[in-house]
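What follows is calculated from the coordinates using simple rules that are stated; it is not laboratory data. All values reported here derive from a predicted model rather than from experimental measurement. In this analysis, Cβ positions are derived from the backbone assuming ideal geometry, glycine residues included, and neighbour counts consider all displayed protein chains.
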Amino acid sequence: MDFVIDNWIWIAMVTVSGGMLLYPALLDAGQGVVDPDAAVMLINREKAVVVDVCQPTEFAAGHIQGSKNIPLDDFDKKLPTTVKNKSLPLILVCQSGIRSRRAVAMAQHLGYERAMSLRGGVVAWRNANLPIDRA
């Protein structure tokens, strides 16, 4: 007990730093987020559909090979006609991963239970040296 009393500052620092390390993982856990390597596995093994929610000009500047472009403004109207099979994994992408997280909630509301956002977006995809198409 004396150890805890004498070292309470160190114990508090360890607890806080551990919480800070776990926070990003806990934040992503319920959001349906996938990293580029896991996304490649889903595309190859489960025929996941990749949908880019960027504006057409951003999409033309560089996008994931085989991805379909549905801007976030038209997302809830165009997704059901573009991706008809709701049981396939749906990987949503934008430049940084922020807009695609919003799109995940919209897709889940439309019945796409396996919708997920690409962590870090096209930037993370590019940093992982994965193929990018330019229109």
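Measuring from label point to label point, each 7 Å out along Cα→Cβ, what is the Glu46 to Asn129 span in nm?
2.7
Hey, can you list the DSSP H helices of the chain whose Cα span along the axis is 20 Å or longer and whose average Kyte-Doolittle score is at least 0.0?
Numbers: long enough: 8-29 (31 Å, 1.42).
Answer set is 8-29.
For the chain, the longest stretch holding no trypsin sites (Lys or Arg not before Pro) located in a DSSP loop with at most 15 other Cβ atoms within 10 Å is which?
Values: sites that count: Lys47, Lys84, Lys86, Arg134.
The segment 87-133 is the longest one with no such site.
Taking other Cβ within 10 Å of each residue's Cβ, how do His63, His109 sort, fewest first?
His109, His63
Determine the calculated [θ] at 222 nm for the chain from helices alone, applying -39500 (n - 2.57) to every DSSP H run no shorter than 4 residues and normalising by the residue count; nearest 500 deg cm²/dmol. Provide the component values of the computation, followed by the final result.
Details: 7 runs with 71 residues, N = 135.
Computed mean residue ellipticity for the chain: -15500 deg cm²/dmol.
Enumerate the whole-percent occupancy of each 5 Å bin, from 0 to the last occupied one, for all C-alpha pair distances of the chain.
Pairs per bin, as whole percents: 2, 10, 19, 20, 16, 9, 5, 4, 4, 4, 3, 2, 1, 0.
Please compute the modelled spin-label separation between Trp10 and Lys78, points set 7 Å along Cα→Cβ, answer in nm with one decimal.
Taking the two extended label points, one gets 5.8 nm.
Lys47: net charge of surrounding residues, Cβ under 14 Å, Lys/Arg +1, Asp/Glu -1, itself excluded? Could you put the intermediate results ahead of the total?
On the way: positive: Arg45, Lys68, Lys84, Lys86, Arg114; negative: Glu46.
Taking every other residue near Lys47 into account, the sum is +4.
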